[in-house]
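Here is the structure we will look at.
The values are calculated or read from the model by the stated rules, or taken from the named source; none is laboratory data. All values reported here derive from a predicted model rather than from experimental measurement. Note that each Cβ is placed from the backbone with ideal geometry, even for glycine, and that neighbours are counted across all protein chains shown. The accessibility values were calculated without ligands, DNA or RNA, using every heavy atom of the protein model including side chains. Shrake-Rupley method; radii C 1.70, N 1.55, O 1.52, S 1.80 Å.
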Amino acid sequence: MSPIRSSPAPRRVLLSLCASLAVGCASSDGVAEEASASLGQSRAAVEDAPPENLPAGFLQDIAEALPANQSVPIHHPEFLDGGLDPSVRVVAESDVWVTFVSEAATFLNSFGYFTYPDGAPPASAASVEKHLVFENASGWGSGGVLTAGERKYLGRFPAGTRLGFFLVSNGWNWTEVDYGRTTYYSLDALNPEPLAAQRRHVVSLYHPGTQRRVLAFEDFDRAHEQASNNFSDLVVALSSNPVSGTDPSGPTLPARPCPSVPTTWPVSCRQLHQYCPALPSGVYQLDPCGTAPATHYCDMETSGGGWTVAGWQPASAKTDLGISSRGTAGGANWSRSLACIAFSEIRVFNRTYNESFAESYPLQTWTYTSTNMAIGAAGTAFKQGTYGPSNSGIMMGCVGYNYGGQVYPQYACDSDRQGGTRGHLADYAGEYCPGGRLDGTWAWSDGATCRYRSTPYDWGFAIR
């Protein structure tokens, strides 16, 4: 934000005011400015929603992380990490809302959103189909009519959607939005600054305590010598139903310190790990479906941590993992349903010998209920199930499955001498292993050889 600006009305900072109220900021009965006919089309996907009272602790966390008089690049450079994408990824079909939190701008900015498929962002600003959310994103008494808690419904979006955001700097001219003004996007590549490090105009932070994403905007040219880089010119919160419908990754609020005991019910071990990386592996309460908390086991150490464990069981077991809940989480032989948990990685592990194999997959939400299952494509597929004599039926679990370029769930991990399959094999599976078929027994495969044949061990899998 630059001091060399003019405003047609007095301005005030709402952030610190809202943070000081015991019950948040109440909604206003003010009527928003009427949009022009052209704006009516751009607002077609946005609807008014009942206002909400934002928790005082939530507002305080924002105020402490993003004070209006503090430079983000100096005090929180991690918020601007070039490897972070501030656009919001939908991981399960969800309804999405945006709530106004505060603004500390001298401009009358306009704010909206756009969508694109994950992995295929628009190549130019001209190709962005804009949907206006707040034509004048200014607070009551400071050039606008918004108060903290005012909310808009953006719509229902399928998994695989990216929600991008834009801010038209000083775009509201008291009659309509002037799209000829400089516009900043959550996609850095669409912003005008000459240096890549200057093109980030949105800070995207996740607040585990309320399961919301906070988006904070800088409305001024960051290449200008007078740019304040405080990213408090507009602050909004995004929420979804289900609460696990959007990706919670990235920096969190509060950043540090984290409580020794979580004060809310996270939706996955990954989210819990982001909230507090210092937490050890163990049993925690999770509520992935937003219905009621239940005990899950979290691996907070392997490959960066944050794995939600489906369970583990003896190599000779005939029961499945991750589909239903049985036993005591973290005990000797147990399983927990992974329903509603978003994931893009699966790890099959041999707990006894501390070995594991992982594969990556398109981001999705766990909805699997069949004993024999296959996730992914040939060569990467995760499989769980049984195959072989009916009087045996030992459960298998593996990644990297491939049989003639196809994936057959009914064959479990049996790849018929083709190799490549890694993990826990049993019965017919693993004909390529030394010693021939595994009828009535089991082995641990690294994709080329099998070990621990008929040797007791515990195996399982986890998702992240």
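Worth a mention:
- For the stretch 349-377, a residue qualifies if it is of a type in the set (A, V, I, L, M), open to solvent by 40 Å² or more (accessible area, probe 1.4 Å) and free of Cβ contacts under 8 Å to residues at least 60 places away in the same chain, and exactly one does: 377.
- Filter result (in a loop (DSSP other than H, G, I, E, B) and crowded, with 24+ Cβ neighbours inside 10 Å) within the stretch 412-442: 412, 413, 414, 415, 421, 429, 430
Residue-by-condition table, conditions (1) closer than 24 Å to residue 199 by Cβ; (2) touching a helix residue (DSSP H, G or I) at 6+ places or on another chain (Cβ under 6 Å); (3) open to solvent by 10 Å² or more (accessible area, probe 1.4 Å); (4) not hydrophobic (A, V, I, L, M, F, W, C):
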{"residue": "71", "(1), (2), (3), (4)": "yes, no, yes, yes"}
{"residue": "85", "(1), (2), (3), (4)": "yes, no, yes, yes"}
{"residue": "112", "(1), (2), (3), (4)": "yes, no, no, yes"}
{"residue": "130", "(1), (2), (3), (4)": "yes, yes, yes, yes"}
{"residue": "133", "(1), (2), (3), (4)": "yes, no, no, no"}
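- The residue of the stretch 297-311 that is modelled with the lowest pLDDT, among those that are open to solvent by 10 Å² or more (accessible area, probe 1.4 Å) and not in a loop (DSSP other than H, G, I, E, B), is 304.
- Neighbours by Cβ (under 6 Å, 6+ apart or cross-chain): first from the stretch 200-214, within 15 Å of residue 164 (Cβ to Cβ); second open to solvent by 10 Å² or more (accessible area, probe 1.4 Å) and in a strand (DSSP E or B): 201/184
- Residues in the stretch 188-219 that are closer than 19 Å to residue 128 by Cβ, among the hydrophobic types (A, V, I, L, M, F, W, C) and buried (at least 24 other Cβ atoms within 10 Å of the Cβ): 202, 215, 217.
- Conditions (1) open to solvent by less than 40 Å² (accessible area, probe 1.4 Å); (2) in contact with a helix residue (DSSP H, G or I) (Cβ under 7 Å, 6 or more places away or on another chain); (3) in a loop (DSSP other than H, G, I, E, B): number failed by residue 387: (1)
- No other residue among 353, 387 is closer than 24 Å to residue 315 by Cβ and modelled with pLDDT under 95 apart from 387.
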